[in-house]
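These notes are about the structure you will find just below.
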Protein chains: 2
Amino acid sequence: MTIDFKQDILSPVATEFAAMDKLINEGISSKVALVMAVSKHVVEAGGKRMRPVMCLLAARACGLTNLDNAQKLAAIIEMLHTATLVHDDVVDESGLRRGRPTANATWNNQTAVLVGDFLISRAFDLLVDLNDMVLLKDFSTGTCEIAEGEVLQLQAQHQPDTDEATYLDIIHGKTSRLFELATEGAAILAGTDQYRVPLRKYAGHFGNAFQIIDDILDYTSDAETLGKNIGDDLMEGKPTLPLIAALQNTTGADHQLIRKSITTGGTDDLARVIEIVHQSGALDYCRKRAIEETQASLAALQHLPDSIYRQSLTQLAQLALNRIQ
Amino acid sequence: MTIDFKQDILSPVATEFAAMDKLINEGISSKVALVMAVSKHVVEAGGKRMRPVMCLLAARACGLTNLDNAQKLAAIIEMLHTATLVHDDVVDESGLRRGRPTANATWNNQTAVLVGDFLISRAFDLLVDLNDMVLLKDFSTGTCEIAEGEVLQLQAQHQPDTDEATYLDIIHGKTSRLFELATEGAAILAGTDQYRVPLRKYAGHFGNAFQIIDDILDYTSDAETLGKNIGDDLMEGKPTLPLIAALQNTTGADHQLIRKSITTGGTDDLARVIEIVHQSGALDYCRKRAIEETQASLAALQHLPDSIYRQSLTQLAQLALNRIQ
């Protein structure tokens, strides 16, 4: 099934999306010219804006009719996402993101760290204006967990004993938690408490599937389709699911080679590691896990009433899965 | 007049200070071991904890008797301060702070950036628990201004045309604003709206004096007393008040040398720049400005009723000034 992001997912909230985009540009306005310039650069380098779209769709799926606050929340979500990308690029010493020079490469690490801090602070400032303590608590706890997930990922780097449970903790923090805030936040705004858990589960499992798929692509894709190089994770000694599964499925020399590659990082053995990941059934396992997470995600959505918005959320999960099928 | 920090300033709130210190350690607890280790390292490397002490004294000066929430607020202030120090050390590529290895030096930039993010998020999380929208708005706006001040400082680096007004904007953001949050926040908690502006003015002017004094010491002190090297600011091409004043007071070759030193950075001409800063009357001007800011700070305090706590706040401002007298 061919799914088109703009046609099938974005279109039911296209008007709100445009308003949200304007709010982001207002949100990053600052009397300091350098803050504006860098924020504008990184916000414009954004991708599909999947998180705010999800937030807007979730708000409509909950039956919310006045989307003024949901648009603000969606803009806040994208600003938080942008802030983490800016800091991630400093952390990873990345020069390019989606084919464009990163903030740290265009300016320097100093500017990137501080503008990232500004974006986090401004996102909270806008959130406070929504005047909802439940929402604030959800976000303040959530952003702690996001930072913890990122540090956990650093802690696991070069650690071949990292297991799937720890991997799931990492991707929950670094990826799924912000998706959860986007959808559960919409349910909070809508005042539909009964949809908070289903929407949180939808986003959490979607995020897990999304990240597993991303990690699969690091061993199967090429720079053109992914915007990053094959073997990036191996280079940094990141024990992602393809390697964790490969360790489960191998013994002897192959097993030792994977362990060594995680421990040392680098791509000296990239070709052989890719072979092992493919031949050991590790990628099949990863695909199975991505499908399971997507199914759990879609099952949670069933607790919401049917609507074109719920259909778009369904298609978003399927679109993500299509990247590996 | 000899003023002792512990004896004259800390002692009226010594019990609350100890409780606050415990709250910081609880606040930085995390299920991620690396988050805990780094947070503990940077919190323990803290100095006098001037900001939380100011917060506790301000709360008492407003007549607050139950300091449970003020202790929490003081801990939050110190966590925010610690977060900015951690990020500043990444930005400045510092290896030492107060004679101890920095987080970026002990671990790496990645860890320091992400643990700084965690500390900001956790500080907001604890702030949300205080359940006060006025306080939240003050802090969310304030932290934006702090980040903007830091970026403004970067923007002014190597810019010899930076004037005193811009310098004041920079130090307000990077230094005074957090002092303001510490004292005005205490007034908000105490429910004494009439003391918000006086305490904000006290802290704002105190912060300005404190930073001007710090910038003077960069041209007069030595590593032993300051914990940093003379000429650090010149090295980085920072147009601080001693250089701005020196440009005002000189013409010809001396003027050009200062301009060039700001533009290029580095310490090739350090000895001559120090001579010019001393002989041109620039340092006298800086001292005069530090005294004026201190006087404005103390004048604002007069709007609060006299108490041992107000006396300690007075002595704190005088103690800062003693560093250059």
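Details
- Charge dipole of segment B:5-322 about the Cα centre (unit charges at C-beta), most positive-ward option of B:Gln153, B:Leu321, B:Ser280: B:Leu321
- When each of the peptides B:57-63, B:88-94, A:25-31 is scored by how many other beta carbons lie within 10 Å of its residues on average, the order from highest to lowest is B:57-63, B:88-94, A:25-31.
- Using a 7 Å projection from Cα along Cα-to-Cβ, the label point at B:Lys48 is separated from the same position in the remaining copies by 5.6 nm, smallest value first.
- Charge dipole magnitude, Cβ of K and R +1, D and E -1 - the protein assembly as shown, Cα centre, debye nearest 20: 800 debye
- Mean per-residue shielding of peptide B:268-279 is 0, counting Cβ atoms of other chains within 10 Å of each Cβ.
- Shape class for segment B:86-160, computed from the alpha carbon gyration tensor (a ≥ b ≥ c): oblate, with a/c not under 1.5 and a/b at or below b/c.
- Coarse-grained scattering of segment A:5-322 at q = 0.08, 0.11, 0.12, 0.16 Å⁻¹, given as base-10 log I(q)/I(0) from a Debye sum over alpha-carbon atoms: -0.37, -0.69, -0.82, -1.36
- Average partner coverage of B:35-45, which counts Cβ from other chains inside 10 Å: 1
- Chains B and A, summed buried accessible surface - 1.4 Å probe, Å², nearest 100: 3800 Å²
- Taking the charge dipole of segment A:5-322 about its Cα centre, with +1 at Lys and Arg Cβ atoms and -1 at Asp and Glu Cβ atoms, the residue from A:Thr240, A:Ala45, A:Tyr219 reaching farthest to the positive side is A:Ala45.
- The residues of segment B:1-138 present an accessible area of 38 Å² per residue when probed at 1.4 Å with all protein chains retained.
- Rounded to the nearest 20 debye, the dipole size of segment B:5-322 about its Cα centre is 720 debye, using +1 on the Cβ of Lys and Arg and -1 on the Cβ of Asp and Glu.
- Solvent exposure of A:Leu319, expressed as accessible area, is near 40 Å², computed with a probe of 1.4 Å over the protein chains only.
- Accessible surface, segment B:173-215, averaged per residue in Å² (probe 1.4 Å): 25 Å²
- Percent accessible area from carbon and sulfur atoms, segment B:5-322, protein chains only, probe 1.4 Å: 49 percent
- Whole-Å distance, taken between Cα centres, linking segment B:255-273 and segment A:95-163: 38 Å
- For residues of A:135-141, the mean tally of beta carbons on other chains within 10 Å: 5
- Relative to the globular-protein estimate of 2.2 N^0.38 Å, the Cα radius of gyration of segment A:59-107 stands at 1.61.
- Extent along principal axes [Cα atoms of the protein assembly as shown; Å; largest to smallest]: 78, 53, 44
- Two-site label geometry, A:Thr106 and A:Ala18: point separation in nm, points 7 Å out along Cα→Cβ: 2.5 nm
- Using a 7 Å projection from Cα along Cα-to-Cβ, the label point at B:Arg98 is separated from the same position in the remaining copies by 4.2 nm, smallest value first.
- Between identical copies, the spacing of B:Asp4 label points, each set 7 Å from Cα toward the C-beta atom, reads 7.9 nm from nearest to farthest.
- Minimum 40 Å² accessible area buried by the other protein chains, segment A:110-126 residues, probe 1.4 Å, relative to alone: A:Gln110, A:Val113, A:Leu114, A:Asp117, A:Phe118, A:Ile120, A:Ser121, A:Phe124, A:Asp125
- Sequence-distant residues sharing a close amide H with B:Arg323 (under 5 Å, placed H): none
- Rg ratio (alpha-carbon, reference 2.2 N^0.38 Å) - segment A:1-111: 1.16
The values are calculated or read from the model by the stated rules, or taken from the named source; none is laboratory data. Quick caveat: nothing in here was measured; it's all calculated off a predicted structure. For neighbour counting, all protein chains shown are included, and Cβ atoms are generated from backbone atoms with ideal geometry for every residue, glycine included. Please note that ligands, DNA and RNA were not included when accessible areas were found on the heavy atoms of the full protein model with its side chains. Shrake-Rupley method; radii C 1.70, N 1.55, O 1.52, S 1.80 Å.
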